[in-house]
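Step one of this worksheet: look at the structure below.
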Amino acid sequence: MSQTSTSDYVSSLAPAHIAIIMDGNNRWAKKKLLPSVAGHKAGAGAVRRTVEAAAEAGVKVLTLFAFSSENWQRPKVEVEGLMSLFMRSLKKEAKRLKEHNIRLRVIGDLSQFSTALQEQIRLSESETASNVGMSLIIAANYGGRWDITQAAKRLCQSVLEGEISIDDIDEKKIGEHIQLADLPPPDLLIRTSGEERLSNFLLWQTAYSEFVFLPVLWPDFDKTHFDEALSVYHGRQRRYGGR
C-alpha cells in the first residue's frame with residue numbers, strides 16, 4: 001500500500017478555488033505616514049507570499065481582486081501609481097510564475113487600460129499559457145455587475161443573430177458567459193482589513209462561497225493568516241441550500 005505524503009494530505013484539504021479581496025493598502029500606508037503608493041508596493045509583497053502559500057497548499061485556482069471598476073475614482077496620482085506598479089509587476093513576476101508552473105490570467109474590462117499595459121498583459125499571459133499548475137487570476141478593472149451585464153449583452157446578441165431563443169436563456173446559459181466560466185466557482189472568499197462586504201467582486205461566482213473576514217491589513221497578510229482562513233473554512237459545513 002502506498003503511503004500518503006504530506007503534500008497529498010495538504011492538497012486534499014485545500015479548497016479548489018480561493019478568491020481574495022486584498023483590502024487595506026491605503027490604511028497601512030496612512031498608519032505609517034507614507035504615501036498610498038507605498039501601501040500598494042507593500043501589498044505586492046503580500047501577493048507574492050500568498051501565491052506561494054496557495055500553491056504550496058495545493059490550491060488549483062487563486063483569484064485576486066487587484067483593481068475594481070470603481071477604483072478609477074481614486075486620486076489621479078494614486079491611479080497612475082497603481083498602473084505603473086501593475087506594469088512592473090507583470091514584467092517582473094511572469095518569469096517567476098513560469099518557473100513555478102503557475103498560469104497567469106487577467107479578467108475584467110481591459111479596454112480602459114493603456115495600449116502598453118494591455119500588450120504587457122497579453123505577453124505575460126502568453127508566457128505562462130503552457131503552465132499546468134495553479135491558475136493565478138488577477139481581476140483588474142473588474143466589477144461583478146459589469147461581469148453580469150457583459151454576459152447579458154452577449155446573450156442578447158446571440159438572440160438577435162438567431163443563434164438561440166429567449167427561452168434558451170437560463171442560469172446555466174448565463175453562467176457560460178460569466179468570467180471564469182471554465183473554472184470552478186470559489187469555495188472560499190477571504191477579505192482583509194476587517195471590512196465585511198463583497199464590494200462588487202465575483203457577485204455571480206460566489207453565490208455559495210464561504211466568506212472569511214480577517215482584521216489584518218493586506219500588506220501584513222502572510223502564510224499564518226492564510227492558514228487561519230483555511231482553518232476557519234474547514235470548520236464550516238457547506239450545504240448548498242440543503243439541510
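Rule-based calculations on the coordinates, nothing more; no lab input. As the structure is a prediction and not an experimental result, all values here were calculated from the model. Cβ atoms come from the backbone with ideal geometry, glycine included; neighbour counts cover every protein chain shown.
Values computed for the structure shown
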quantity	calculated
The stretch 20-94: trypsin sites (Lys or Arg not before Pro) falling in loop per DSSP and having at most 14 other Cβ within 10 Å	K32
Per-pair calculated FRET efficiency, R0 = 30 Å: R145 and I166 via Cβ, rounded to 0.05	0.85
From phi via Karplus (6.51, -1.76, 1.60), per-residue ³J(HN,Hα) for the stretch 88-99 in Hz, x at Gly/Pro	5, 5, 4, 5, 6, 8, 4, 5, 5, 5, 4, 5
Cα→Cβ-extended label distance, 7 Å offset, between V232 and E127, nm	3.5 nm
Radius of gyration, Dmax [the chain; alpha carbons; angstrom]	18.7, 62
Environment charge at G39 (Cβ cut-off 10 Å; Lys +1, Arg +1, Asp -1, Glu -1)	+4
Fluctuation leader among G194, G162, G39 - the chain, Gaussian network, Cα springs under 10 angstrom	G162
10 Å-binned pair-distance histogram of the stretch 94-215 (Cα, whole percent)	12, 32, 36, 18, 2, 0
D_trans [Stokes-Einstein, Kirkwood Rh over alpha-carbon pairs] for the stretch 183-239, 10 °C, 1.306 mPa s, µm² s⁻¹	132 µm²/s
Interchain or long-range residues, amide H under 5 Å from M22's placed H	F65
Listed residues D109, D170, D220, most fluctuating in the chain (Gaussian network, C-alpha, under 10 Å)	D170
Within straight-line cross-link reach of K92, lysines at Cα separation under 29 Å, skipping those fewer than 8 residues along the same chain	K30, K31, K32, K41, K60, K76, K223
Pairwise centroid distance, computed over Cα atoms, of the stretch 125-169 with the stretch 194-240, Å	24 Å
The chain - percent relative contact order, Cα under 8 Å, separation 6 or more	27 percent
